[in-house]
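Following: one structure in C-alpha coordinates, then a few remarks.
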Amino acid sequence: MHLGAFSISLPVQDLAKSKAFYEALGFETMGDYSDQGWIILKSGDTIIGLFKGMFEKPMLTFNPGWDQSAKPLESFTDIRDVQAHLKAQGIALDSEVEDGSTGPASVLITDPDGNPILIDQHI
(Lines give C-alpha, C1' and ligand atoms only; values in the text may rest on other atoms or scores of the structure.)
Protein backbone atom coordinates (compact mmCIF):
# COMPACT_ATOMS: atom_id res chain seq x y z
CA MET A 1 0.00 0.00 0.00
CA HIS A 2 1.33 3.42 -0.96
CA LEU A 3 -0.23 6.52 0.59
CA GLY A 4 0.85 8.91 -2.20
CA ALA A 5 2.48 12.31 -1.96
CA PHE A 6 3.52 13.42 1.52
CA SER A 7 3.41 16.88 3.06
CA ILE A 8 3.17 18.50 6.45
CA SER A 9 0.18 20.78 6.96
CA LEU A 10 0.78 23.63 9.39
CA PRO A 11 -1.80 25.86 11.04
CA VAL A 12 -0.62 29.48 10.82
CA GLN A 13 -1.78 32.85 12.14
CA ASP A 14 -0.56 34.99 9.23
CA LEU A 15 -0.26 33.41 5.77
CA ALA A 16 1.90 36.16 4.27
CA LYS A 17 4.32 36.20 7.19
CA SER A 18 4.61 32.39 7.24
CA LYS A 19 5.03 32.25 3.45
CA ALA A 20 7.86 34.81 3.62
CA PHE A 21 9.54 32.81 6.40
CA TYR A 22 9.51 29.54 4.45
CA GLU A 23 10.59 31.30 1.25
CA ALA A 24 13.60 32.59 3.19
CA LEU A 25 14.40 28.92 3.93
CA GLY A 26 14.37 28.19 0.19
CA PHE A 27 10.79 27.06 -0.38
CA GLU A 28 8.91 28.18 -3.49
CA THR A 29 5.19 28.60 -3.94
CA MET A 30 3.63 25.54 -5.54
CA GLY A 31 0.04 26.75 -5.17
CA ASP A 32 -1.27 30.01 -3.74
CA TYR A 33 -4.85 29.76 -2.55
CA SER A 34 -4.50 32.49 0.04
CA ASP A 35 -7.98 33.76 -0.90
CA GLN A 36 -9.19 30.42 0.52
CA GLY A 37 -6.80 30.51 3.49
CA TRP A 38 -4.00 28.21 2.34
CA ILE A 39 -0.71 28.07 0.43
CA ILE A 40 1.43 25.10 -0.65
CA LEU A 41 5.23 25.51 -0.72
CA LYS A 42 7.90 23.15 -2.05
CA SER A 43 11.66 22.68 -1.72
CA GLY A 44 12.95 19.68 -3.65
CA ASP A 45 10.55 16.88 -2.75
CA THR A 46 9.58 18.51 0.56
CA ILE A 47 6.10 20.03 0.66
CA ILE A 48 4.62 22.26 3.33
CA GLY A 49 1.01 23.41 3.41
CA LEU A 50 0.21 26.58 5.35
CA PHE A 51 -3.41 26.80 6.52
CA LYS A 52 -5.08 29.69 8.33
CA GLY A 53 -8.04 28.89 10.55
CA MET A 54 -8.65 25.36 9.27
CA PHE A 55 -7.27 23.17 12.06
CA GLU A 56 -5.46 23.47 15.38
CA LYS A 57 -2.47 21.10 15.19
CA PRO A 58 0.19 20.32 12.59
CA MET A 59 -0.92 17.36 10.50
CA LEU A 60 0.81 14.75 8.36
CA THR A 61 -0.91 14.68 4.98
CA PHE A 62 -0.84 12.00 2.29
CA ASN A 63 -2.43 12.31 -1.17
CA PRO A 64 -3.17 8.97 -2.86
CA GLY A 65 -2.95 9.27 -6.64
CA TRP A 66 -0.38 12.10 -6.67
CA ASP A 67 3.40 12.17 -6.90
CA GLN A 68 5.42 14.79 -4.99
CA SER A 69 4.73 17.34 -7.75
CA ALA A 70 0.93 16.84 -7.47
CA LYS A 71 0.91 15.04 -10.82
CA PRO A 72 -1.54 12.14 -11.18
CA LEU A 73 -0.06 8.64 -10.92
CA GLU A 74 -1.05 6.01 -13.49
CA SER A 75 -1.90 3.57 -10.72
CA PHE A 76 -2.35 4.06 -6.99
CA THR A 77 -4.04 2.66 -3.93
CA ASP A 78 -7.54 4.16 -3.81
CA ILE A 79 -8.59 5.82 -0.55
CA ARG A 80 -11.31 3.19 -0.06
CA ASP A 81 -8.66 0.43 -0.17
CA VAL A 82 -6.50 2.44 2.25
CA GLN A 83 -9.51 2.74 4.57
CA ALA A 84 -10.19 -1.02 4.39
CA HIS A 85 -6.54 -1.70 5.22
CA LEU A 86 -6.59 0.66 8.20
CA LYS A 87 -9.75 -0.96 9.55
CA ALA A 88 -8.26 -4.44 9.08
CA GLN A 89 -5.26 -3.29 11.13
CA GLY A 90 -7.57 -2.15 13.93
CA ILE A 91 -6.82 1.55 13.43
CA ALA A 92 -9.66 3.80 14.58
CA LEU A 93 -10.89 6.29 11.98
CA ASP A 94 -11.81 9.83 13.04
CA SER A 95 -13.55 10.33 9.71
CA GLU A 96 -14.03 7.92 6.87
CA VAL A 97 -15.11 7.54 3.27
CA GLU A 98 -18.78 6.82 2.66
CA ASP A 99 -19.48 3.26 1.50
CA GLY A 100 -20.13 2.97 -2.24
CA SER A 101 -18.54 6.33 -3.05
CA THR A 102 -16.01 6.95 -5.83
CA GLY A 103 -13.48 9.65 -6.63
CA PRO A 104 -12.10 12.27 -4.24
CA ALA A 105 -12.46 11.53 -0.53
CA SER A 106 -10.48 11.62 2.70
CA VAL A 107 -9.83 9.69 5.87
CA LEU A 108 -8.60 11.20 9.12
CA ILE A 109 -6.80 9.16 11.78
CA THR A 110 -4.85 10.04 14.91
CA ASP A 111 -1.61 8.37 15.94
CA PRO A 112 -1.10 7.10 19.53
CA ASP A 113 0.38 10.47 20.56
CA GLY A 114 -2.56 12.52 19.33
CA ASN A 115 -1.01 13.65 16.01
CA PRO A 116 -3.59 13.91 13.21
CA ILE A 117 -2.93 12.20 9.88
CA LEU A 118 -5.01 13.17 6.86
CA ILE A 119 -5.18 10.85 3.85
CA ASP A 120 -6.75 13.08 1.22
CA GLN A 121 -7.36 11.77 -2.30
CA HIS A 122 -8.10 14.50 -4.83
CA ILE A 123 -8.63 12.32 -7.91
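The values are calculated or read from the model by the stated rules, or taken from the named source; none is laboratory data. Here the structure is a predicted model, which is why all the values come from computation and not from measurement. Ligands, DNA and RNA are stripped out before the accessible areas are found, and what is left, the full protein with its side chains, is counted by its heavy atoms. Shrake-Rupley method; radii C 1.70, N 1.55, O 1.52, S 1.80 Å.
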If the cut-off is a Cα-Cα distance under 18 Å, which lysines reach Lys17, setting aside same-chain residues fewer than 8 apart in sequence? Lys42, Lys52
When we measure straight from the Cα of Lys57, which aspartates and glutamates land under 16 angstrom away, once same-chain ones fewer than 8 places off are left out? Asp14, Asp94, Asp111, Asp113
Helix-derived [θ] at 222 nm for the chain: sum -39500 (n - 2.57) over DSSP H runs of at least 4, divide by residue count, nearest 500? -5000 deg cm²/dmol
Roughly to the nearest percent, how much of the accessible area of region 15-123 is carbon and sulfur, given a 1.4 Å probe? 51 percent
State in Å² the accessible area per residue of the chain; use a 1.4 Å probe, count heavy atoms of protein chains only, and round to the nearest integer. 59 Å²
Among DSSP beta bridges whose residues both lie in the chain, state the antiparallel percentage, nearest 5. 75 percent
Whole-Å distance linking the alpha carbon centroid of region 1-60 with that of region 78-111 is 24 Å
